[in-house]
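Let me begin by presenting the structure, written as structure tokens, before commenting on it.
Bear in mind that the values in this text are calculations on the coordinates, not laboratory data. This one's a predicted model, so the numbers in the text were calculated from it and none came from an experiment. Positions of Cβ are generated from backbone atoms using ideal geometry, with glycine treated the same way; all protein chains shown enter the neighbour counts.
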Amino acid sequence: MRLRNWIPPLFVQIYLLFVLSLGIGGIVTYLANLNTLKKNEEAILKQTTFFAQQSLMELMRGDIARVERLINAFEFKPIKALPSNAQILTQSKNTFGLMQVFKVQQNYGFHLEYLGMELIAFRDFSVELADNGGLNVWIFLDFLVLLLTFSMILALLHPLKVLQSGLEEFSQGNYQTHIPVPKEPQQAKLARSFNTMCKKISKLMLAREFVLRNIAHELKTPISKAKLALELMPENPQKGLVSKCIHHLDNLSSQILTFEKIQEGKDLLHLEDFDVETLFLRTLEQLFIEEDLEIMLEENFKIRGDLQFLSIALRNLIENAFKYKSGGKVILRACVENGEQRIAVKNNGEALQQEIAYYLEPFSRDKEHALISGYGLGLGIVKGVLELHHFKLEYFYKQGVHCFVMKLESKV
């Protein structure tokens, strides 16, 4: 798992491989040219030494005219003195004469002395030194093929990058996202399937929102009439049951409307500054809880947000804690840890059967909790409210205790 975290994304891997290929290619080119230059220098040295030996033999015969013809034929130029910066490569000396082969930059030459006669000549070998048999041309073509291959790979993978961006938008709730269809058949099929999926899911989500919103609104009027009729109803054994059913319907419609408002976005927030004690008081006003709640206000820090929505979120956490606790008290704690403002709700209970992400989705409940009143909207509302504020919800279970933490360190 740790090794997988170190693996860079696909496009980063491709760029790294391209840069690595260029680096290796550059090193190979440099070493090849260096080797070719060394071989050329050895060949030129042999050629110059051989020519110097031939010239010395003619000089020993006294045929100066033939020596001059040889020098002109091999494009050497005679000079009067040995250059001061000349590098002596080879030297042979005896009683009668001297032969030296020297180098000055890209010029190679020889210095001959015999019985008082002296001859110095050199030639520019820059063209011969630069000759590498077309190696640089082949290396250039190799780099060109590498560049074209890299461009083709990026062109082939670009639709995948577009698809990745579309999937990220889709995961963030933009179900109407649409990606362009590429020309490559397999990628085009994948893009069309993705667009079709988004279109179908978008229709389902719009239908769901329409149904939920209208159900919630349409329920308000008959619920209000039922409440009025209940007040006028004479006392009988069924009145308590009817009252409980009406209360559940009213609570459900209110939660649906709240959930749908949260889905509409951030413009609903009425931002203000208040302290955490004010949030606790507003929340407790809506709970009507007299016991089994322990409040630990360790630090009365300031919060910037929508008091009404945050109190709804906190109320849902506390109500869930009371619904599913197996005993003991529910703990409501406000503190600052490591510079983070935290509001925690704790209760004793059995471990969850699913990952916490499952319960954050609307209408998600365990089958074992079917007899407990609720609709599976509470945690979804909490998540939505905190996301609107750019706050975070953290959950952990330790030693039989559930703990939900509202982390308020971010600013809107």
Query raised in the report: For Leu31 and Glu235 in the same chain, what is the full-extension length gain: residue separation times 0.36 nm, less their Cα-Cα distance, in nm?
Result: 63.1 nm
**Report entry** Peptides ranked, highest mean first, by Cβ atoms within 10 Å: ranges 99-105, 306-312
**Finding:** 306-312, 99-105
**Report entry** Extension gain (nm, one decimal) between Lys189 and Ala357, 0.36 nm per residue minus Cα-Cα
**Finding:** 57.3 nm
Query raised in the report: What is the order of Ser171, Ser84, Ser92, fewest Cβ neighbours within 10 Å to most?
Result: Ser84, Ser171, Ser92
Report summary line: Ranked on Cβ counts within 10 Å of their own Cβ, fewest leading, Glu387, Glu355 go Glu355, Glu387
Query raised in the report: Tell me, Arg282, Arg123 in order of fewest to most beta-carbon neighbours within 10 Å?
Result: Arg282, Arg123
Report task. Taking a cut-off of 20 Å between Cα atoms, list the lysines near Lys46, but don't count ones fewer than 8 places away on the same chain. Result -> Lys38, Lys77, Lys93, Lys103
**Report entry** Between the range 286-342 and the range 34-101, the alpha-carbon center distance in angstrom
**Finding:** 99
Requested in this report: Hand me the trypsin sites (Lys or Arg not before Pro) from the range 1-90 located in a DSSP loop with no more than 10 other Cβ atoms within 10 Å, in residue order please.
Outcome: Lys80
Query raised in the report: Using a simple spin-label model with points 7 Å from Cα along the Cα→Cβ vector, what separation in nm is obtained for Lys38 and Val401?
Result: 7.3
